[in-house]
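Trainee: To start, I am sharing the structure in question, which I have written as structure tokens.
Each reported figure results from applying straightforward, stated rules to the coordinates on display, with no laboratory input. For clarity, every value in this text was computed on a predicted model and none was experimentally measured. Note that we place each Cβ from the backbone using ideal geometry, even for glycine, and neighbour counts take in every protein chain shown.
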Amino acid sequence: MELYLIIILILMILGSIYSLNASDLLSAVISYGIVGFGLVIAFLLLQAPDLAIVQVVIEVVTLVIMIAAIKNTQSKIPKMEFKPKIAIYYAITLMVALIFVLIFDRVTGCLSQFGADTMRMAQPYIDGAADTKSANLVTGVVLDFRAYDTLGEATVLFTAVIGVLTILRIKGKKDK
Amino acid sequence: MIIYLLCFILFLVGLYGVISKRNLIKIIISIAIMEYSINLFFILIGYVEGGTAPIITKGFENAKFVDPLPQAMILTSIVIGLATTALLLAVAIRIYQKYGTFDINKIKDLKG
């Protein structure tokens, strides 16, 4: 179980690195799909089917929007020529990343072990599940206990749609 | 704990992309990757060994469930992530229509 997750995560990391270093945008977008769909499988393995369903839909929609954005563009990316200076930058980047990883390792040491039973926060929600009359605890939390959060989410989504429509409107105000 | 570390490395890959890449689409991809890694980290924290999906069905009334609270949070977070990505891509499309390139260095030069 944990081994499967590690394999999928390594695949996702490789896909994201290739996506960032690809020389044309279409292959960058496609290999970004590896990360999203790997996340779907990880959610399924972690017993979160609701999230997996939502993530599939979101991933497909994101890929379609991205391909629409780069469809008619000149998508080749010029390669950076290698200079000795760049090697120093890479070394600094790796060192900073290593420091970040070490700090993160210390910080997650304070968390409980992966797979430990830490239901202290969730226990009231599970006990109150009978009141919501919902068989699915996740939808019970989203639509009953935390309905105001969902209202806020709907507001953000509405605002984003209005923003996209405003930005992409063909007819704009003409400059004088 | 190695699984938390791999999740964080995915985040760092996204951070590297945001800082070092010059193409607008690649910057948007990096932001999306960072967001995915954070979503995954929350679900990893909520996982319980041997737990089932938090859905009460016949015969599973008192089964061991995984934590439903992070899942509910991340459900909101995923949808908001789509909204922000779509907004960023709309801005990128507009920039391409105006300047004819996704390269942020060239856009900076053209602006003057």
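Trainee: Quick one: angle between helix B:68-99 and the longest Cα principal axis of chain B, in degrees between 0 and 90, rounded to 10, please.
Mentor: 10 degrees
Trainee: Follow-up question, since we're still on this one. Among A:K83/B:K98; A:K76/B:K98; A:K79/A:K171; A:K85/B:K98, which pairs are too far apart, with a Cα-Cα distance over 29 Å?
Mentor: A:K83/B:K98; A:K79/A:K171; A:K85/B:K98
Trainee: Something else: For a quick check of your reading of the filter: which trypsin sites (Lys or Arg not before Pro) in segment B:1-97 sit in a DSSP loop and have no more than 10 other Cβ atoms within 10 Å?
Mentor: B:K58
Trainee: Tell me which chymotrypsin sites (Phe, Trp or Tyr not before Pro) from segment B:41-112 have a DSSP coil assignment and no more than 16 other beta carbons within 10 Å of their own.
Mentor: B:F60
Trainee: Could you tally the net charge around B:S77, taking each other residue with its Cβ under 14 Å from the Cβ of B:S77, Lys/Arg +1 and Asp/Glu -1?
Mentor: -3
Trainee: So, in Å, what gap is there between the alpha-carbon centers of segment A:29-59 and segment A:136-152?
Mentor: If you average the Cα positions of each part, the centres end up 21 Å apart.
Trainee: Averaged over A:92-105, how many beta carbons belonging to a partner chain fall within 10 Å of each residue's beta carbon?
Mentor: That works out to 3 on average.
Trainee: Using only Cα atoms, tell me the angle between helix B:24-46 and the longest principal axis of chain B; keep it within 0 to 90° and round to the nearest 10.
Mentor: 10 degrees
Trainee: Give me, ordered by chain and number, the residues 5 or more places off B:V48 or on other chains with an amide H under 5 Å from its own placed amide H.
Mentor: Correct list: B:D67.
Trainee: State to the nearest 20 debye the size of the charge dipole of segment A:114-173 about its Cα centre, where the only charges are +1 on K and R beta carbons and -1 on D and E beta carbons.
Mentor: 600 debye
Trainee: I'd like to know how segment A:119-176 sits against the 2.2 N^0.38 Å rule of thumb: what's its Cα Rg over that expected value?
Mentor: Ratio of Rg to 2.2 N^0.38 Å for segment A:119-176: 1.90.
Trainee: Considering just Cα atoms, how many Å³ per residue does the convex hull of the protein assembly as shown enclose?
Mentor: Working: hull volume 43.7 nm³, N = 288.
Taking the convex hull of the Cα positions in the protein assembly as shown, it is 152 Å³ per residue.
Trainee: Length gain on complete extension for the stretch A:A87 to A:I10, per 0.36 nm per residue less the alpha carbon to alpha carbon distance? Please list the in-between numbers first.
Mentor: Numbers: separation 77, 0.36 × 77 = 27.72 nm, distance 2.48 nm.
This chain segment gains 25.2 nm when fully extended.
Trainee: Taking springs between alpha-carbon atoms closer than 10 angstrom, which of A:K71, A:K83, A:K133 fluctuates most in the Gaussian network model of chain A?
Mentor: A:K83
Trainee: Here's something else I'd like to know. Please list the radius of gyration and Dmax for chain B, considering alpha-carbon atoms only, with Å as the unit.
Mentor: Rg and Dmax of chain B, Cα atoms, are 19.5, 69 Å.
Trainee: Mind putting a number on the dipole of segment A:1-125 about its Cα centre? Charges go on the C-beta only, +1 for Lys and Arg and -1 for Asp and Glu, and I need it in Debye to the nearest 20.
Mentor: Dipole about the Cα centre, nearest 20: 500 debye.
Trainee: If the elastic network links every pair of Cα atoms under 10 Å, which of A:A22, A:A48, A:A116 fluctuates the most in the Gaussian network model of chain A?
Mentor: Evaluated over chain A, the most mobile residue of the options is A:A116.
Trainee: Need one value for A:120-131: mean number of C-beta atoms belonging to other chains within 10 Å of its residues' C-beta atoms. Intermediate values should be presented prior to the final figure.
Mentor: Details: counts 1, 4, 11, 2, 1, 5, 6, 0, 0, 4, 2, 0.
If you average over the peptide's residues, the count of other-chain Cβ atoms is 3.
Trainee: Further question: Measure out, as a whole number of angstrom, how far apart the alpha-carbon centroids of segment A:94-124 and segment B:82-112 sit.
Mentor: 37 Å
Trainee: Starting from the amide H of A:N136, placed 1.01 Å from N in the peptide plane, find each other amide H under 5 Å away whose residue is 5 or more places distant or on another chain.
Mentor: Correct list: B:I56.
Trainee: Please list, or write none, the aspartates and glutamates whose alpha carbon is within less than 16 Å of the alpha carbon of B:K64, excluding same-chain residues fewer than 8 places away.
Mentor: Output for B:K64: A:D117, A:D127, B:E49.
Trainee: Could you check the spin-label model distance between A:D117 and A:V96? Points 7 Å from the Cα along Cα→Cβ, value in nm.
Mentor: 4.4 nm
Trainee: Give me the angle, in degrees from 0 to 90, between the Cα long axis of helix B:2-20 and the longest principal axis of the Cα atoms of chain B, rounded to the nearest 10.
Mentor: 10 degrees
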